[in-house]
1. Filter the range 56-90 down to the residues that are without any contact (Cβ under 8 Å) to a residue 40 or more places away in the chain and hydrophobic (A, V, I, L, M, F, W, C), then identify the one that is most open to solvent (accessible area, probe 1.4 Å).
2. Among the residues of the range 35-52, how many are more than 18 Å from residue 14 (Cα to Cα) and open to solvent by 40 Å² or more (accessible area, probe 1.4 Å)?
3. Identify, please: which residue in the range 9-19 is in contact (Cβ under 8 Å) with a residue 24 or more places away in the chain and open to solvent by 50 Å² or more (accessible area, probe 1.4 Å) and is, among those, nearest to residue 70 (Cα to Cα)?
4. Given the conditions (1) more than 17 Å from the chain's Cα centre (by Cα); (2) at pLDDT below 90, which single one is not true for residue 71?
5. Is it true that residue 22 is surrounded by 13 or more Cβ atoms within 10 Å (Cβ to Cβ), in a helix (DSSP H, G or I) and of a type outside the set (D, E, K, R)?
6. Here are some residues: 204, 159, 175. Which one is charged (D, E, K, R), at pLDDT 85 or above and part of a helix (DSSP H, G or I)?
7. Restricting attention to the range 9-17, does a residue exist that is at negative phi and within 28 Å of the chain's Cα centre (by Cα)?
8. Condition first: in a helix (DSSP H, G or I) and touching a residue at least 40 places away in the same chain (Cβ under 8 Å). Now tell me which residues in the range 91-117 satisfy that.
Amino acid sequence: AHIGSWEWHVPTNKINWSDELYRIYGLTPQEFEADYENFIKYVYPDDREYVNGIVQQAFKDHQPYRFFHKATSADGNIRILSATGKVITDGDGNVIRMSGTAQDVTEQKKYEEELKISEERFFKIFDSNPIPMTLSEIKTNKIKYANNLFYNAFGYTKEEVIGNSSEELNLMDPEEYKRVIDLIFGYLHENRSLAEVQGLSKEETEGLLIKLRQSEKNERL
C-alpha cells in the first residue's frame with residue numbers, strides 16, 4: 001500500500017521515520033537522521049507553505065489532520081502523498097509528540113484525473129449530439145442527466161427532469177421508446193435490441209454518440 005509512518009518528539013525535534021517512508025521519498029531506509037527541516041526539504045516547493053501551515057495549526061488546536069500534498073523524491077520525481085497526523089499533549093496542554101502516516105497515492109490520483117477527463121469528454125459529446133437525449137440509471141430508470149436539446153424540445157426544467165423516469169414525465173410509452181431506439185440505430189445502419197442498448201458500457205455509448213454526430217454531419221454535406 002506504500003504507507004509510511006513517522007513520530008516526532010517535539011521538544012528534541014527528533015523524528016523517527018519508518019523504512020517505507022524513506023522509500024516513498026526515494027531514499028535508502030535510515031539514510032539520514034530525520035528532522036522537520038529535512039522533511040520540509042522533500043515537500044514540493046509550491047506546497048511547503050501549505051504543509052507547514054497545517055502542521056502549525058495542529059500545534060494550536062491539537063486536532064488531527066488529513067490532506068494531500070506533492071513531494072519531490074530523491075530522484076527528482078514528483079509524488080502525491082496522502083498525509084495524516086495527530087497531536088499528543090502533556091497534562092498542561094503542551095504538544096510533546098506528533099505522529100502520522102504518509103501514503104504514495106500518485107497512481108490513484110493519476111487514474112482519477114484520467115477518469116475525470118474521460119467523463120468530461122463523454123458529456124461534451126453527449127451535449128453536442130443532434131437529438132434530445134437523457135442518461136438513466138438502469139435499475140430504476142431514473143434520469144440522471146439530460147442534454148440541453150432535451151430540455152428545449154420537451155419544455156422541462158432540469159429540476160423537473162432529474163430524478164424522474166421517462167414514464168413519470170409522460171415522455172413516451174415503452175413501445176414508443178423501442179420504436180425510437182430502432183429508428184436511431186436504423187439511422188446508423190445497425191440492429192440493436194433494447195436490452196443491448198441498456199447494457200452498453202460508457203465507452204460503447206460514447207462510440208455510438210460520436211458515430212451519430214458524425215452521421216448527422218455527413219447528412220448535412
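The values are calculated or read from the model by the stated rules, or taken from the named source; none is laboratory data. Given the structure is predicted, the values throughout are model-derived calculations rather than measurements. Note that we place each Cβ from the backbone using ideal geometry, even for glycine, and neighbour counts take in every protein chain shown. These accessible areas exclude ligands, DNA and RNA; they are computed on the full protein's heavy atoms, side chains included. Shrake-Rupley method; radii C 1.70, N 1.55, O 1.52, S 1.80 Å.
1. 78
2. Total meeting the criteria: 6.
3. Going through the qualifying residues, I end up with 9.
4. (2)
5. So residue 22 passes the test.
6. 159
7. No, the range 9-17 has no match at all.
8. Answer for the range 91-117, where residues must be in a helix (DSSP H, G or I) and touching a residue at least 40 places away in the same chain (Cβ under 8 Å): just 109.
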